[in-house]
Every structure is written in C-alpha cells, then in structure tokens.
Amino acid sequence: MEGIVRRLFPCAALAVLLGGCAGNVPSGMEEPPTTWTVPGKYAFTLVSDCGERALIGKFRVTVESDKVTRAEGLDDAARRAMMLRLANLVPTLRQLEDEAETARREGAEVVQVERDISDAHPVRIVIDKSASAADDESCYTIEDYTIGLAAEPSATPSR
C-alpha cells in the first residue's frame with residue numbers, strides 16, 4: 001500500500017497544482033458573440049462576386065460614423081463600378097446586414113450571414129431571393145477588417 005501512495009502522490013500533487021490554474025484558462029465551450037457592435041471607424045475589403053448588378057468587384061472601404069468615407073476599386077470590375085458614380089454604391093457592413101435582414105423579412109429563399117467568431121462582424125453574406133431566378137443573388141465576402149485607421153488591403157486574398 002505504501003508503494004502505491006508514493007507513486008500516486010506526485011500525480012495528485014500535480015493535479016492539484018494544475019487545477020488551481022484552471023480558472024484562468026478560457027473555456028473552449030464559450031459561445032461566440034452573436035451581435036456585432038459597430039465601431040466608430042473601421043475599414044474592410046468587400047468582394048461582391050455574384051448577381052447582375054452594379055456592385056461587382058473587389059473594393060477597399062473606409063467607414064466613419066456609419067458612413068462610407070472612402071471606397072476604392074481594387075480590380076477592373078470594381079473600378080468600372082466606381083466610374084458609374086452611383087451614390088451609396090458601396091455599402092457599410094451595417095447596410096449589408098440590413099440588406100440581409102430585409103431579404104429575410106421579405107421571404108428570400110436563401111439568406112446566410114456568417115460571422116467572425118471573435119467579434120461577430122459579418123464575414124460572408126449570401127442572399128438569393130428566388131432560387132429559380134437567374135442573377136438575383138448577392139454574394140459578399142468581407143476581408144481585411146480593421147477597427148480604427150484604415151489598413152491597406154493584404155497582398156494576397158485572405159480566403
């Protein structure tokens with residue numbers, strides 16, 4: 001019996017020591033946030049790549065006080081879209097969320113909003129009002145999201 005106690009004591013002591021640290025380790029079971037808090041200033045790269053509409057291409061967007069203050073076309077399709085000079089062509093992330101919510105309320109067949117697990121900002125939004133209609137989809141991918149000063153887009157896609 002004494003031999004068993006000697007062998008188990010170091011294991012028990014280690015378990016007690018490690019157990020004291022357990023409260024400081026974040027639980028893997030914590031739920032990610034489900035709502036996104038819109039920061040005062042942020043920037044992101046928007047890839048809009050489906051549907052038949054003016055907003056097609058890859059854009060770098062800066063938002064302040066929930067308004068787009070700068071939008072730049074990063075590819076040929078986006079630069080052509082920007083030449084149309086349509087007011088409010090490039091949306092904020094809140095406007096994209098609103099578009100998805102409106103489509104959901106109006107009975108769109110597909111409305112998918114994928115969120116970042118750290119702060120719940122949208123990272124992908126897909127809307128298809130009618131699966132049987134061609135080119136009525138809206139597909140958005142949000143990359144290079146930064147809070148505060150606008151960051152330059154990454155040299156390679158973050159997909």
Neighbours by Cβ (under 6 Å, 6+ apart or cross-chain): first from the stretch 39-57, in contact (Cβ under 8 Å) with a residue 24 or more places away in the chain; second among the hydroxyl-bearing types (S, T, Y) and surrounded by 15 or more Cβ atoms within 10 Å (Cβ to Cβ): A43/T62; A43/T146; F44/Y145; V47/T141; S48/Y140; G51/S138; L55/S48; I56/S48
Filtered residues of the stretch 73-105 (kept if part of a loop (DSSP other than H, G, I, E, B) and either at positive phi or modelled with pLDDT of 95 or more (or both)): L74, D75, R85, N88, V90, P91, T92
Of all residues in the stretch 74-109, which are among the aliphatic types (A, V, I, L, M), touching a residue at least 24 places away in the same chain (Cβ under 8 Å) and under 14 Å from C139 (Cα atoms)? V90, L93, L96, A100, A103
For residues that are out of contact with any strand residue (DSSP E or B) (no Cβ under 6 Å at 6 or more places or on another chain), of a type outside the set (F, W, Y) and not in a strand (DSSP E or B), scanning just the stretch 36-72, find the one that is farthest from A87 (Cα to Cα). T37
Name the single residue that is modelled with the highest pLDDT among those in the stretch 18-53 being small (G, A, S) and loosely packed, with under 14 Cβ neighbours inside 10 Å. G40
Within the stretch 110-127, how many residues are of a type in the set (S, T, N, Q) and in contact (Cβ under 8 Å) with a residue 24 or more places away in the chain? 1
Out of the stretch 127-137, which residues are surrounded by fewer than 18 Cβ atoms within 10 Å (Cβ to Cβ) and not acidic (D, E)? K129, S130, A131, S132, A133, A134
Those residues of the stretch 89-103 which are open to solvent by 20 Å² or more (accessible area, probe 1.4 Å) and within 18 Å of V123 (Cβ to Cβ), in sequence order: R94, Q95, E97, D98, E99, E101
Scan of the stretch 129-146 for residues that are more than 18 Å from P91 (Cβ to Cβ) and either of a type in the set (S, T, N, Q) or modelled with pLDDT of 95 or more (or both), ordered by number: S130, S132
Answer yes or no: is there a residue in the stretch 139-157 that is touching a strand residue (DSSP E or B) at 6+ places or on another chain (Cβ under 8 Å), surrounded by 15 or more Cβ atoms within 10 Å (Cβ to Cβ) and of a type in the set (D, E). yes
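The values are calculated or read from the model by the stated rules, or taken from the named source; none is laboratory data. Keep in mind it's a predicted model, so treat the numbers as computed, not measured. Heads up, the Cβs are rebuilt from the backbone with ideal geometry, glycines too, and the neighbour counts pull from every protein chain shown. Heads up: the accessible areas ignore ligands, DNA and RNA and are worked out on the full protein's heavy atoms, side chains in. Shrake-Rupley method; radii C 1.70, N 1.55, O 1.52, S 1.80 Å.
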